[in-house]
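The structure appears below as structure tokens.
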């Protein structure tokens, strides 16, 4: 299956996170206060985040040292393997070389552990006793629950209700690590009660779950909030992925022509691509970089680059990002980690600058590609990752049609062992190729804040 695997040793785990803000040709637009519409300062974020994470959020240094304790925990699963998908290449008959970075090797089965440990450590060092968060498919909640268990913190998780019902084993994993898990929208918060009053059968959204978690943190001393994607410091922590990948490709004597990652908020995609994108910004050369999203939640391909709230109850600051509107409630498609209404500001800015491309694929194509990949390579991918696999397959077939042997690299951001029901639904013909229509997009974007 692979000719590049554990070629890196523990000493090759990065000692610093890479900060792409040092290499942006244009700085990020400022984050705005939700009431005054003026740029916010560190003091505005302190009710939600510890000082260390706020400093990382706005840092412009290229290299941010990884604390020794965080790096020691990383050693449990890092460096993660880079595989050459030789069986899959043969199966589809492509001259392309396809590599995938396997972040499912972490204890919780996804890339989310890279930032969960870093965030839990920063909170513990600041004297925080409890963290609140949201989770979609449960990968982020599972990772943060593990990190809080390691570092002695309590965790309250609001899990999007459709995923709470679809993925009971993710909930069970979080509870095993000691977290409390509540389906969102819930009756525990004002934000949740407001949604239920209007939509008693709401399946929930990440925007709603964020509102509940933020509200709980803001009204309780000694409690902070943690986010698993979107924000700059989250993207920063994930760059261990791309740094390792660059070293592994050098050992394989391979130079990537195309880098691919699935995107919901953008963290696994940024983790793989930002070290390469930074070089592209500095030197003017590098691979094509493709962000792949669901056609049912087409933030980058149909959304608007505008200031918007990060949550449904409008408790968060205003961020300029590609958005479908903070009131967006997605259909209950199976890629639960890709249901967020907005894209991370750094990923959004990269698209606006022309540094990356965006592609939307439907649920049927993603599962078809994921099943084919699993049968060839043996790894069952998470539904989210199937989007990257579908795009990699398209690129590989283009190589076949053109008779060109390009090198394609994608991030296999997590395994699908807790998502078998989704595959069963696919095999039973129960999934649809739903596409969020232009009319629905226009309706959702009517309520963007005026800035």
Could you count how many residues in segment 235-256 are surrounded by 24 or more Cβ atoms within 10 Å (Cβ to Cβ) and at pLDDT below 95? 0
Reported set for segment 172-191 where residues are part of a helix (DSSP H, G or I) and either modelled with pLDDT of 95 or more or surrounded by fewer than 20 Cβ atoms within 10 Å (Cβ to Cβ) (or both) is 172, 173, 174, 175, 176, 190
Filter segment 416-448 for residues that are within 22 Å of the chain's Cα centre (by Cα) and either crowded, with 20+ Cβ neighbours inside 10 Å or farther than 21 Å from residue 291 by Cβ (or both) and give the result. 416, 417, 418, 419, 420, 421, 422, 423, 436
Which fully enclosed strands (runs of 3 or more DSSP E) of segment 281-362 have 3 or more residues being buried (at least 24 other Cβ atoms within 10 Å of the Cβ)? 288-294, 318-323
Looking only at strands (runs of 3 or more DSSP E) that fall completely inside segment 72-145, which ones have 1 or more residues that are under 26 Å from residue 287 (Cβ atoms)? 82-84, 97-102
Just wondering, is there one or more residues in segment 381-393 that are surrounded by fewer than 24 Cβ atoms within 10 Å (Cβ to Cβ), in a helix (DSSP H, G or I) and in contact (Cβ under 8 Å) with a residue 12 or more places away in the chain? no
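Being in contact (Cβ under 8 Å) with a residue 24 or more places away in the chain and more than 29 Å from residue 148 (Cβ to Cβ) narrows it down to one of 61, 89, so name that one.
The unique qualifying residue is 89.
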Of the residues that sit in segment 128-155 and are surrounded by fewer than 23 Cβ atoms within 10 Å (Cβ to Cβ) and in contact (Cβ under 8 Å) with a residue 60 or more places away in the chain, which one is farthest from residue 227 (Cα to Cα)? 150
Scanning segment 193-250 for residues that are in contact with a helix residue (DSSP H, G or I) (Cβ under 8 Å, 6 or more places away or on another chain), more than 28 Å from residue 42 (Cβ to Cβ) and part of a loop (DSSP other than H, G, I, E, B) gives 202, 203, 204
Picked from segment 96-118 (must be in contact with a helix residue (DSSP H, G or I) (Cβ under 6 Å, 6 or more places away or on another chain) and closer than 17 Å to residue 390 by Cα), the residue surrounded by the fewest Cβ atoms within 10 Å (Cβ to Cβ) is 96
Among the numbered criteria (1) surrounded by fewer than 18 Cβ atoms within 10 Å (Cβ to Cβ); (2) closer than 20 Å to residue 245 by Cβ, which one does residue 78 miss? (1)
Within segment 1-52, can you find the residues that are modelled with pLDDT under 95 and in a helix (DSSP H, G or I)? 10, 11, 12, 42, 43, 44, 45
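The values are calculated or read from the model by the stated rules, or taken from the named source; none is laboratory data. Because the structure is a prediction, the values reported are computed rather than measured. All Cβ positions, glycine included, derive from the backbone under ideal geometry; neighbour counts span all protein chains shown.
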